[in-house]
Number of protein chains: 2
Amino acid sequence: MAVYTEIGEDDLEALLELYDAGKLLSFKGIAEGSENSNYLLHTSRAPYILTLYERRVDPVDLPFFLGLMEHLAERGVSCPLPVRRRDGAVVSEIAGRPAALITFLEGMWIRRPTPQHCRKVGEALAGLHLAAEGFALTRANALTLNGWRDLWDKARPRADEVEPGLEAEVEADLEMLVRQWPHDLPRGVIHADLFPDNVFFLGGKVSGIIDFYFACNDLLAYDVATCLNAWCFEKDGSYNLTKGSALLEGYQSVRRLQAEEIAALPLLARGSALRFMLTRLYDWLTIPDGALVTKRDPMEYVRRLRFHRQISSPSEYGTGIQ
Amino acid sequence: MAVYTEIGEDDLEALLELYDAGKLLSFKGIAEGSENSNYLLHTSRAPYILTLYERRVDPVDLPFFLGLMEHLAERGVSCPLPVRRRDGAVVSEIAGRPAALITFLEGMWIRRPTPQHCRKVGEALAGLHLAAEGFALTRANALTLNGWRDLWDKARPRADEVEPGLEAEVEADLEMLVRQWPHDLPRGVIHADLFPDNVFFLGGKVSGIIDFYFACNDLLAYDVATCLNAWCFEKDGSYNLTKGSALLEGYQSVRRLQAEEIAALPLLARGSALRFMLTRLYDWLTIPDGALVTKRDPMEYVRRLRFHRQISSPSEYGTGIQ
């Protein structure tokens, strides 16, 4: 939650001359987004977001991320549209960082989602999966099985500092997931990080899906599992079946899950919980206290892992209610 | 540079119902302002700033600050206008903080001011001094002689940690300033913190003066001295006479300084440098590393103090050039 790279008005005015986006009126660094620096610009044309890509985004991936946003926006998904420069490019540079100018979407992310919000997110996720079909570029998921193992190798020696016994618990989970992970479910482009702060609502409708910087090709149902983790647990760690059911029903009203996808949900949800637990754990152990990045408690996702481990049927997520 | 208090869309929508300011479309925490939390709101009506007052602002002072902004805006000063609620009030509460909704001003603050910017700031400062005449409320300057002594008493025992010998040097300065401080110069409402990040420019003109949360009644020429400190020194600590001359000329083109005010400039500039040195020193010694607040180096203002101490005539600031 910070602006990592400061920019000056001279550099920004020079940058804007590359675009047909009006004359700069103001810009403010915004305190959102945990990975990149974002500025909200007002120009004589419209509001825009200028994103400066920081350390965790590989510039090689930008054509995929920005091309995907363009592909989706053209197909009616409410996501930011990268603005092309007069020379046709979408990636610029400012203050030594790769940067992109994107359209600004009105709307608010929901701090306390209701089942109705979960239903809308399910619909939007399925809409995104369908709209992404035909997108020409591909990107492997850097945060699936192999990526988990890499992160875990780095965090493992100190895992028990967070909770005694955590090392053995996570190692057993990871071994099981590697053995049993499904590989033959429907694949496509997934968002891979569709948390509440990445979905804007306005008047009860989804007005924007943002932050495509983890998007990749992977199992579509894995994206559904991530949304269950991100939207359907309460602050106390309990799973809200009403929300889960609404999310799944919303999703299936647009794209019906296959029987094999539903059967795999407990495993996928467990893998997804492990993925977010591992990045949090790694940050928890490596980022110094007081850094600009907000560190999030890995234990929140250890508890999700434990929940998914004891699931005996996908119907416990709410699939059976429909 | 941070958002200290998080707000939710429910609370904000409820707050906006107290105003006739349109329907909420979006809000973003902005990474500016070192004292308060600021959100940039878009509504169906216009952009606004919502300021949440944090620890350093005494709610008792809000009628002065907000009333002053209203007084100045009505007299043509480009400053934010506090929006009155339907019930006439200007102060609300959100997330346990006093808060005010104010109009949004387009414009950018200048990272590298030129002499021409300094001239415009001088004009704007004098315009502010004249426009403030007749404002009914008063507020004593909490950061003049007595306030300096209070801060110094707290910081003094550890001053030599910053630079050996600093304690004796500052103590001598403070004693001299208490003895010689002028009390019979023209008084009025001063901004008291008119640094570059509090002045917006658009198309070479001043489009906004913001952040009136140090405003008070004091010597008008003291405000000029603060601007010399804030705008006319280079990053290497040298005084730029061309900028100083331009600032003073701009000021005097709107309000002519009396001979006594000009004669007092070296002393006032020294006092102003001491004031900013002391708040920086206090923060430097008391705020833990890694806190959200950006700590600024007190030595930058120790060097200004040393510069002003060796001034033999006000003409060295550029007053003689006109």
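The values are calculated or read from the model by the stated rules, or taken from the named source; none is laboratory data. A quick note: this is a predicted structure, and the numbers were derived from the prediction, not measured. Quick reminder, even Gly has a Cβ in these numbers, built from the backbone with ideal geometry, and neighbours come from all protein chains shown.
Exactly one residue among B:G147, B:G127 is surrounded by fewer than 19 Cβ atoms within 10 Å (Cβ to Cβ), within 21 Å of the chain's Cα centre (by Cα) and either not basic (K, R) or not assigned by TED's automatic domain parsing to the domain that holds B:E70 (or both), and that residue is B:G147.
Looking at the range A:1-95, the strands (runs of 3 or more DSSP E) lying wholly inside it that each contain 3 or more residues that are modelled with pLDDT of 95 or more and within 12 Å of another protein chain (Cβ to nearest Cβ) sit at A:24-30, A:37-43.
Condition check: under 11 Å from A:P314 (Cβ atoms) and under 20 Å from the mean Cα position of the chain (by Cα). Does A:L257 satisfy that?
No: the conditions fail for A:L257.
Go over the candidates A:R256, A:R296 one by one and state the one that is out of contact with any Gly (no Cβ under 7 Å at 6 or more places or on another chain), closer than 23 Å to A:L128 by Cβ and outside any helix (DSSP H, G or I). Result: A:R256 is the single residue among A:R256, A:R296 that is out of contact with any Gly (no Cβ under 7 Å at 6 or more places or on another chain), closer than 23 Å to A:L128 by Cβ and outside any helix (DSSP H, G or I). In the range B:9-37, the residues that are within 13 Å of A:K28 (Cα to Cα) form Cβ pairs under 6 Å with partners that are buried (at least 20 other Cβ atoms within 10 Å of the Cβ) and polar (S, T, N, Q), at six or more places apart or across chains, as follows: B:I30/B:N38. Please indicate, with yes or no, whether at least one residue in the range A:232-249 is at pLDDT 95 or above, of a type outside the set (D, E, K, R) and within 16 Å of the chain's Cα centre (by Cα). Yes, the range A:232-249 contains at least one residue that is at pLDDT 95 or above, of a type outside the set (D, E, K, R) and within 16 Å of the chain's Cα centre (by Cα). Regarding A:P113, is this residue buried (at least 21 other Cβ atoms within 10 Å of the Cβ), within 14 Å of another protein chain (Cβ to nearest Cβ) and either over 19 Å from A:Y239 (Cβ atoms) or of a type in the set (A, V, I, L, M, F, W, C) (or both)? It is false that A:P113 is buried (at least 21 other Cβ atoms within 10 Å of the Cβ), within 14 Å of another protein chain (Cβ to nearest Cβ) and either over 19 Å from A:Y239 (Cβ atoms) or of a type in the set (A, V, I, L, M, F, W, C) (or both). Restricting A:A263, A:A269, A:A230 to residues that are closer than 30 Å to A:K154 by Cα, hydrophobic (A, V, I, L, M, F, W, C) and out of contact with any Lys or Arg (no Cβ under 9 Å at 6 or more places or on another chain) narrows the list to A:A230.
A search for C-beta distances below 6 Å between a residue of the range B:249-260 that is more than 14 Å from B:L219 (Cα to Cα) and any residue that is among the polar types (S, T, N, Q) and surrounded by fewer than 20 Cβ atoms within 10 Å (Cβ to Cβ), counting only pairs 6+ apart in sequence or on different chains, returns B:E249/B:Q322. Within the range B:96-110, being on the phi > 0 side of the Ramachandran plot and either within 14 Å of chain A (Cβ to nearest Cβ) or basic (K, R) (or both) holds for one residue alone: B:G107. Apart from one condition, A:E54 fits all of (1) within 18 Å of the chain's Cα centre (by Cα); (2) touching a residue at least 60 places away in the same chain (Cβ under 8 Å); (3) surrounded by 15 or more Cβ atoms within 10 Å (Cβ to Cβ); the exception is (2). Please go through the range B:188-203 and pick out each residue that is loosely packed, with under 15 Cβ neighbours inside 10 Å and at pLDDT 95 or above. None; the set is empty.
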